[in-house]
Amino acid sequence: MNIQWFPGHMAKTRRLIAENLKLVDVIIELLDARIPFSSRNPEINSLINNKPRLVAFNKSDLADERISRQWIKWYADQGIDCILINSINGKGLNEIKARARELMSEKIERDRAKGKLFTPVRTMVVGIPNVGKSSFINKIVGKATAVTGDRPGVTRGKQWIRINSEMELLDTPGILWPKFEDQEVGMNLAFTGAIKDDIMDTGEVAMELLYRLSKTYNTELCTRFKLDPEPIKDMEPLELLETVGRKRGCIISKGEIDYSRISAIVLDEFRGGKIGRITLEKPGDRAETKTE
């Protein structure tokens, strides 16, 4: 499946980010902890240039802790500090506030020397669709301020939000990039819901996800769907989807599988963390992440 998706509002978002950079002190870039490489928009580097940046692995409660630690080290080796966060329970958000002020400590001291005692750090939140930006903002602010939703592309406009006397935050809509050079990146984005299901063949996405999990998280997959681990390892994607469909009773007339229903179940349960804590890529999986 060739995955390409770049709605017109995303081109507008790129312009919005570029136009407002001069108003911002620190960039907060949210990544999906389950896909720490695939959820990083390569265009953001060029957009924000040398602006100070914090990288936060959101949805860390859904990701494999062991692999998250590997990713933290990998990004540290690139000179990028990362923080594991959970926008639902607030884990790591106080650290975000503290780190942002650390990055701007010299500017804050200069302002104080000029008599400006309460200069807020102005931050901008960027990230791909459905990475949890609105939930992050609502939690860090402490009330439902940003528009939220479980579908990619809910936030469309620019919003300045005051967190406290020391920090202000600019929200921007999620932004993908015009072309996925690596189709595996596109598939990872489809698995996690960054690309809208209604433009995808969800059956193909679910089959590929099950096949991937049968190789990397076989125990978790078999436990969730009550499968026999050994034969699952050798099944092709369609056979695997049909096996899971029968286990869940997704049967229509004449004993045929309801592919639409079981595909939706597989994707929903993966995205909700019901299959287990899963990370779909490790450092070194692709040429871009291999270290010498």
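Observations
- Distant-in-sequence amide H partners of I28 (H built 1.01 Å from N, under 5 Å): L54, M124, V125, V126
- Accessible-area composition of region 23-118, carbon plus sulfur, in percent [1.4 Å probe]: 49
- Amide proton proximity set for T279, modelled H, under 5 Å, gap of 5+: D64
- Whole-Hz ³J(HN,Hα) from phi, Karplus 6.51 cos²θ - 1.76 cosθ + 1.60, for region 241-250, glycine and proline x: 4, 5, 5, 5, x, 5, 4, 8, x, 8
- Which listed pairs, of K91/K196; K133/K247; K139/K274; K59/K215, have C-alpha distances above 30 Å, in listed order: K133/K247
- Note: relative contact order over region 175-252, using C-alpha pairs below 8 Å and six or more positions apart, is 23 percent.
- Straight-line cross-link partners of K51 among the aspartates and glutamates, defined as a Cα under 17 Å from its Cα and at least 8 positions apart when in the same chain: E19, D25, E29, E43, D81, E102, E106, E168, D171.
The values are calculated or read from the model by the stated rules, or taken from the named source; none is laboratory data. All of these numbers come straight from a predicted model, not from anything done at the bench. The area values use the complete protein model at the heavy-atom level, side chains included, leaving out ligands, DNA and RNA. Shrake-Rupley method; radii C 1.70, N 1.55, O 1.52, S 1.80 Å.
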